[in-house]
Amino acid sequence: MARRRTGALLVAAGLVLTGCGAAASDTTGTTGTTGSAHTAASSGGTPARNTTTAKAFPAAGVFDYQIGGSYPPASGVRIVDRDRTSAPAPGRYNVCYVNAYQAQPGDLAWWQHTHPNLLLRDASGRLIIDRDWNEALLDIATPAKRLAIAAVVGGWFAGCAHSGYDAVEPDNLDSYTRSQGNLTQADAVAFAALLAGIAHRDTLLIGQKNAAELATRLRGSGYDFAVAEECQEYDECDAYTSAYGTKVIEIEYSADQFAQACAARRGRVSLLLRDRDVVAKGQSGYVSRTCRHGTSTGAGAGPRAVRAVTIAQCVTLALCN
């Protein structure tokens, strides 16, 4: 089951066909990036990196996750992650969220009309759907299809770069685990390498989203940082820090797991507690907190100890009451 938290759905045709100001249509996004995708594939290995002008990733910087809706970040926040349809936050290191391996529900009609052969289907021709998020999987099973999808996603990456984003976060790397056996881990890794080459040519850094078992391989394919959801909960954090060092963004959705994460990795990675729906600030249920100073509670801490951490030992981005 995917543990990611989806951003706002695209609800207008103009948003479906654009990514932060650059079109990802069949004539613009695809044509604009096909050359890069073919170059990456034909080289037989990881594409040459072109990140000489990319902004350095602020390792262990204070982070805010805004894929569910944008709002002005608090003054201490250095890294902001937003959906590709949103503008970046001025004066921050900006990460652009892109659903690269699955079709957002609002995008499905566009995929069906423009690239029906790039949607993954079972033996009966039915779309294979991630039921947790109601998203159709993209078919990355062959080199030709990976190139075609990378061309579309590359158009979105170019839109992120044009709008001023510093990095991209392609989501659903682990879609192969929901593919009913139609995709393999090798397919995911091969597609991930294509995306890394395209991002770097646009002078964007690229982050691995979840799939801890692939951390070493993706780091070797040129990935620059990791975005890890609930790695404390699933005992995966060491896999990310072993591969990426301090260039890890960790998001926890449970207060007790967050407290344990603070005790283990405060100051070594970017650590954030968020509400599971990642709603925008001001909406009901909004939570956004980051641990900073003092000593957090250890494993097995009860609610009273967790509450002490969130009040006395965190920099609050929401209501700490």
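Among the lysines, which have Cα under 24 Å from the Cα of LYS145 when same-chain residues fewer than 8 positions away are ignored?
Straight-distance partners of LYS145: LYS209.
List the residues, sorted by chain then number, that are 5 or more residues from VAL227 or on another chain and whose placed amide H is less than 5 Å from its amide H.
Close amide H contacts, sequence-distant or interchain: GLN208, LYS209, ASN210, ILE249.
Across segment 218-223, in residue order, what do the Karplus-derived ³J(HN,Hα) couplings come to in whole Hz, using 6.51 cos²θ - 1.76 cosθ + 1.60 with θ = phi - 60° and x for Gly and Pro?
6, 4, x, 8, x, 5
Would you mind getting me the FRET efficiency between THR142 and ARG268? Use the beta-carbon distance for r and R0 = 45 Å, nearest 0.05.
Working from the Cβ atoms, E equals 0.65.
Average the reciprocal distances over every distinct pair of alpha-carbons in segment 223-283, invert the result, and give the Kirkwood radius in Å.
11.8 Å
So which lysines can LYS55 reach, going by Cα to Cα under 19 Å and dropping same-chain residues fewer than 8 places off?
Filter leaves LYS247.
Could you go through segment 251-267 in sequence order and give the Karplus-derived ³J(HN,Hα) for each residue, using 6.51 cos²θ - 1.76 cosθ + 1.60 with θ = phi - 60°, rounded to whole Hz, and x for Gly and Pro?
The phi angles translate into 10, 10, 10, 10, 4, 6, 5, 4, 4, 5, 5, 4, 5, 8, 9, 4, x Hz.
What's the extension gain from ASP122 to ALA186 if we count 0.36 nm per residue and subtract their Cα-Cα distance?
Residue separation times 0.36 nm, minus the Cα-Cα distance, leaves 21.1 nm.
Taking amide H positions as placed 1.01 Å from N in the peptide plane, with prolines and chain starts having none, which residues 5 or more places from ALA74, or on another chain, fall under 5 Å of its amide H?
Those qualifying (amide H under 5 Å, at least 5 residues apart or on another chain) number zero.
Please state the shape class of segment 82-178: rounded when a/c is under 1.5, otherwise prolate if a/b exceeds b/c and oblate if not, all from the C-alpha gyration tensor.
The shape class here is prolate.
Let me understand segment 207-254 better: what is its radius of gyration from the alpha carbons, and its Dmax, in angstrom?
Rg, Dmax (Cα atoms, Å): 9.5, 32.
Rounded to the nearest 20 debye, what is the charge dipole size of segment 154-274 about its Cα centre when +1 sits on each Lys and Arg Cβ and -1 on each Asp and Glu Cβ? Walk me through the numbers before you get to the answer.
Details: 10 positive and 17 negative charges, 76 e Å.
Its charge dipole is roughly 360 debye.
If amide hydrogens are placed 1.01 Å from N in the peptide plane, which non-local residues have theirs closer than 5 Å to the one on ASP130?
The answer is GLU135, ALA136, LEU137.
Bear in mind these aren't lab numbers, they're just calculated from the coordinates by the rules spelled out. Values in this document were obtained by computation on a predicted structure and should not be read as measured data. Here Cβ is always computed from backbone atoms with ideal geometry, including for glycine, and neighbour counts include all displayed protein chains.
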